[in-house]
Amino acid sequence: MIFHYSPGEEWKLRRMVKNLGIQLENEGKNIVFLSMEELLWDSLKAIEQNNPIEGYHAVVELEKDSCFLEAQDQVITYFSDNDCCPLVEQIANRLEGLDPGNTIVFLIHVAAMAPDLYQVHVLLDKLEGKTMVPIILFYPGSLDGITGLRFMDMRDRDPMGNYRVEIL
């Protein structure tokens, strides 16, 4: 499930999501918060563990030596490579062993993926079948039509989507 919201409401949404989690826990649900921001950084560190000349420190050095845009392009390259990027596996591993009947995952801080680090619809497609635990992805952007979402309300970009999930 995707819950979309205006990117300008990020801090308000964070408070609301935290309170919703508390309410659901008080009703006996197990709520797991997964931060895309943390997952992205952890993925860069995992890339570096597999190849010490790649990953987190390589991106930091590239930004120092060149510029932010080159570093961002390198991160996009990492996350575009299915063999290199452990992002989906990290999420699946964190959900392993959780009871899908009693657990709800809140996938938060998705704005960390802006503008092109990793397409949200690609992430959802790759997660399909990897877990039975329900996931609510909190999406900063606007709905365009029935299934199109415009990430971060970027008006100069086409709405993306191949979303086979409910969008609220």
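Couple of notes before you dig in:
- Residue list for the range 1-54, filter: at pLDDT 95 or above, buried (at least 17 other Cβ atoms within 10 Å of the Cβ) and farther than 30 Å from Gly145 by Cα: Ile31
- For the range 131-154, a tally of residues being in a strand (DSSP E or B) and either surrounded by fewer than 17 Cβ atoms within 10 Å (Cβ to Cβ) or not polar (S, T, N, Q) (or both) returns 13.
- Screening Cys85 on (1) at pLDDT below 85; (2) crowded, with 16+ Cβ neighbours inside 10 Å; (3) in a helix (DSSP H, G or I) shows it passes everything except condition (3).
- Test: residue in the range 151-163 that is among the aromatic types (Phe, Trp, Tyr), more than 22 Å from Gly101 (Cβ to Cβ) and either modelled with pLDDT of 75 or more or out of contact with any Gly (no Cβ under 9 Å at 6 or more places or on another chain) (or both): yes
- Taken together, Val110, Val120, Val105 contain a single residue that is out of contact with any Lys or Arg (no Cβ under 6 Å at 6 or more places or on another chain), within 13 Å of Met36 (Cα to Cα), at pLDDT below 90 and crowded, with 19+ Cβ neighbours inside 10 Å, which is Val120.
- Only a single item in (1) more than 21 Å from Gly129 (Cα to Cα); (2) among the polar types (S, T, N, Q); (3) without any contact (Cβ under 8 Å) to a residue 12 or more places away in the chain is not met by Ser6, and it is number (3).
- Residue within the range 131-143 that is closer than 17 Å to Phe33 by Cβ, under 10 Å from the mean Cα position of the chain (by Cα), of a type in the set (Val, Ile, Thr) and at pLDDT 90 or above present: no
- The range 1-47, residues that are aromatic (Phe, Trp, Tyr) and in a strand (DSSP E or B): Phe3, Tyr5, Phe33
- Residue within the range 60-80 that is surrounded by 14 or more Cβ atoms within 10 Å (Cβ to Cβ), out of contact with any helix residue (DSSP H, G or I) (no Cβ under 6 Å at 6 or more places or on another chain) and not in a helix (DSSP H, G or I) present: no
- Matching option when the condition is in contact (Cβ under 8 Å) with a residue 60 or more places away in the chain, among the acidic types (Asp, Glu) and in contact with a helix residue (DSSP H, G or I) (Cβ under 6 Å, 6 or more places away or on another chain), among Glu54, Glu48, Glu37: Glu37
The values are calculated or read from the model by the stated rules, or taken from the named source; none is laboratory data. Just so you know, these numbers come straight off a predicted model, no measurement behind them. A quick note on method: Cβ atoms are made from the backbone with ideal geometry, for glycine too, and the neighbour counts reach across all protein chains shown.
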